[in-house]
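Q: Just passing along the structure, written as structure tokens.
Read-outs throughout are calculated quantities, based only on the coordinates presented, and are distinct from any laboratory measurement. What you are looking at is a predicted structure, and each value in this text was computed from that prediction instead of being measured. Here the Cβ positions follow ideal geometry from the backbone for every residue, glycine too, while neighbour counts run over all protein chains shown.
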Amino acid sequence: MSTDGTRWAEVDRLLETELLGDDPILEEALRASEAAGLPPISVSATQGRLLELVARIAGARRILEIGTLGGYSTIWLARALPVGGRLVTLELSERHAAVARSNLERAGFADVAEVRVGPALDALAGLLGEGAGPFDLVFVDADKGAYPEYFAASLRLSRPGTVIIADNVVRDGEVANATSTDANVKGVQQMLALAGRTAEVSATAIQTVGEKGYDGFAIALVTAAGL
Ligand code: SAH
Ligand code: DHB
Ligand code: MG
């Protein structure tokens with residue numbers, strides 16, 4: 001069995017070359033994020049394309065993202081939207097949000113994607129309060145300790161058919177460490193338990209390897225109303 005991270009990255013290069021091709025807009029978004037000192041923790045290109053494809057398959061017209069960073073995943077998701085589609089993305093850091101706004105503008109999504117700055121839990125309460133939603137797809141990717149709350153809020157902003165995707169649910173397999181005291185690990189574990197016991201969703205998670213290491217995505221489909 002290969003557990004060679006170099007090999008995983010080589011395969012990501014091959015997949016990008018064969019399936020994704022050059023992407024100056026996204027490459028510039030990563031360059032600008034790095035130049036601004038943002039951490040290199042956006043989704044990979046192959047993962048970004050997966051987000052775009054799932055959003056297209058779902059026919060998403062309204063997308064919510066929790067955790068913007070420099071807007072890399074935001075651009076992938078925005079590309080899935082039809083004319084008239086909208087995206088709201090939530091980011092704690094004003095500095096990250098400024099980089100994201102600049103990247104989104106360069107990608108042509110300044111009028112499509114709205115970056116809301118502040119703690120995501122406050123922003124989610126605000127969205128609920130103003131009667132926003134339902135969203136067709138939610139991408140959960142901010143602080144992992146609050147994943148259970150983000151999942152619960154996402155459900156309240158959903159309708160039957162909404163897809164909820166959460167990033168970083170495996171983290172080198174730490175998710176299987178039942179005695180972990182890491183708040184991030186516990187947050188992910190609690191979100192998975194919540195998803196599993198919520199009768200109104202059907203959920204799974206898939207382990208992934210690649211240039212971002214060993215991790216995974218959870219995906220949940222809201223199957224019934226009443227949340
Ligand atoms: N989705 C991005 C990566 C997000 S990284 C991509 O793949 O391109 C996680 C982001 O969540 C960071 O920018 C961090 O500042 C933000 N974040 C952390 N805690 C937060 C909170 N409480 N509310 C909103 N955003 C938060
Ligand atoms: C990290 C990776 C992520 O994709 C993320 O959303 C947050 C943190 C990390 O590797 O630390
Ligand atoms: Mg992530």
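Q: When the residues of the stretch 41-57 are filtered to those that are outside any helix (DSSP H, G or I) and not hydrophobic (A, V, I, L, M, F, W, C), which remaining residue is nearest to ligand 2 (Cβ to nearest atom)?
A: In this case the residue turns out to be 42.
Q: Looking at (1) closer than 23 Å to residue 162 by Cα; (2) small (Gly, Ala, Ser); (3) touching a Leu at 6+ places or on another chain (Cβ under 6 Å), which one does residue 70 not meet, given that it meets all the others?
A: Answer for residue 70: the failing condition is (1).
Residue by residue, here is whether (1) closer than 23 Å to residue 70 by Cβ; (2) within 16 Å of ligand 3 (Cβ to nearest atom); (3) free of Cβ contacts under 8 Å to residues at least 40 places away in the same chain holds:
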{"residue": "140", "(1), (2), (3)": "yes, yes, no"}
{"residue": "146", "(1), (2), (3)": "yes, yes, no"}
{"residue": "171", "(1), (2), (3)": "yes, yes, no"}
{"residue": "207", "(1), (2), (3)": "no, yes, yes"}
{"residue": "220", "(1), (2), (3)": "no, no, no"}
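Q: Tell me which of these residue 37 doesn't satisfy, since it passes every other one: (1) crowded, with 16+ Cβ neighbours inside 10 Å; (2) out of contact with any Gly (no Cβ under 6 Å at 6 or more places or on another chain); (3) not in a strand (DSSP E or B).
A: All conditions are met except number (1).
Q: A further question follows. Looking at 159, 62, 86 in this structure, which one is away from ligand 2 (no atom under 16 Å from the Cβ), more than 17 Å from the chain's Cα centre (by Cα) and in contact (Cβ under 8 Å) with a residue 12 or more places away in the chain?
A: 159
Q: Looking at the stretch 58-91, which of the residues that are touching an Asp or Glu at 6+ places or on another chain (Cβ under 8 Å) and in a helix (DSSP H, G or I) is nearest to ligand 3 (Cβ to nearest atom)?
A: Checking each candidate, the answer is 73.
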